[in-house]
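Reviewing the structure listed below.
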Amino acid sequence: MYDDLQGKSIVITGAGAGIGRATALAFGRAGARVMVADLDRERGAATVAAITHAGGQARFHPCDVSVSADVEALMAATLDAYGQLDCAFNNAGIEGPGGLTHLYEEALWHKVIAVNLIGVWLCMKYEIPHMLQQGVAYLRLADKYLGPLANRLRAIYQPMIRTPNPFFSPRPRPLACF
Ligand SMILES: NC(=O)c1ccc[n+]([C@@H]2O[C@H](COP(=O)([O-])OP(=O)(O)OC[C@H]3O[C@@H](n4cnc5c(N)ncnc54)[C@H](O)[C@@H]3O)[C@@H](O)[C@H]2O)c1
């Protein structure tokens with residue numbers, strides 16, 4: 001069923017726990033080469049151990065998705081390790097404590113936005129150029145609140161990618177963002 005994932009390279013952020021970890025294990029089982037990225041080194045290492053124990057291929061790269069240099073280094077490490085970037089699951093996110101809007105701490109608000117919004121954008125910023133060079137790739141965003149943003153990004157990117165644009169690429173190439 002997942003033959004088409006054999007040998008494919010995928011970056012998964014927040015792969016140390018929850019949905020990211022489960023996805024990493026599933027891609028590992030399907031024969032993909034997984035780059036496990038997480039803020040938490042112990043959890044990330046545990047995900048890698050679980051994938052390799054099951055016969056799959058995985059590496060860990062520590063990364064805070066809200067830090068541009070970290071995300072850039074993550075994509076460089078993935079290309080160094082696997083030579084290509086076929087898929088990305090930009091999943092890392094935090095819930096943040098609930099609270100009344102007018103009582104919410106400003107620093108916490110910035111933190112949630114930095115991880116859940118800017119972090120996803122930073123991942124795409126450093127993934128998409130590699131994916132465009134390859135031709136076809138798949139991006140997945142986890143956060144339900146980012147759905148509208150994803151659609152808008154697609155709306156922005158599709159015209160850029162599908163119509164010849166001398167400022168972007170001499171040849172249009174497909175990119176799926178779902
Ligand atoms: N669990 C749900 O019901 C649900 C529903 C809708 C959307 N989501 C979204 O799915 C994603 C994963 O949810 P989950 O429940 O598996 O979360 P989780 O808390 O179980 O796991 C999140 C992982 O991300 C890592 N992480 C946190 N901040 C990070 C950062 N700045 N950089 C890199 N890694 C970081 C954590 O260390 C952890 O390993 C989140 O974006 C969440 O908003 C979850």
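Taken over the range 9-67, residues that are of a type in the set (Ser, Thr, Tyr), within 14 Å of the ligand (Cβ to nearest atom) and in contact with a strand residue (DSSP E or B) (Cβ under 7 Å, 6 or more places away or on another chain) amount to 3. Each residue in the range 1-60 was checked for being acidic (Asp, Glu) and within 17 Å of ALA88 (Cα to Cα), and 2 pass. Residue check: is ALA107 modelled with pLDDT of 90 or more, exposed (fewer than 12 other Cβ atoms within 10 Å of the Cβ) and hydrophobic (A, V, I, L, M, F, W, C)? It is true that ALA107 is modelled with pLDDT of 90 or more, exposed (fewer than 12 other Cβ atoms within 10 Å of the Cβ) and hydrophobic (A, V, I, L, M, F, W, C). Of all residues in the range 97-134, those being farther than 23 Å from LEU39 by Cβ and part of a loop (DSSP other than H, G, I, E, B) number 1. More than 16 Å from the chain's Cα centre (by Cα), surrounded by 17 or more Cβ atoms within 10 Å (Cβ to Cβ) and at pLDDT 95 or above: is that true of ILE12 in this structure? It is false that ILE12 is more than 16 Å from the chain's Cα centre (by Cα), surrounded by 17 or more Cβ atoms within 10 Å (Cβ to Cβ) and at pLDDT 95 or above. When the residues of the range 72-96 are filtered to those that are in a loop (DSSP other than H, G, I, E, B) and away from the ligand (no atom under 13 Å from the Cβ), the one that is surrounded by the most Cβ atoms within 10 Å (Cβ to Cβ) is LEU85. Across the range 1-58, the number of residues qualifying as among the basic types (Lys, Arg) and in a loop (DSSP other than H, G, I, E, B) comes to 1. Spot the failing condition for HIS61; the list is (1) in a helix (DSSP H, G or I); (2) under 27 Å from PRO129 (Cα atoms); (3) modelled with pLDDT of 95 or more, and only one is missed. HIS61 satisfies every listed condition except (1).
The values are calculated or read from the model by the stated rules, or taken from the named source; none is laboratory data. Keep in mind the model is a prediction, meaning the values are calculated, not measured. Quick reminder, even Gly has a Cβ in these numbers, built from the backbone with ideal geometry, and neighbours come from all protein chains shown.
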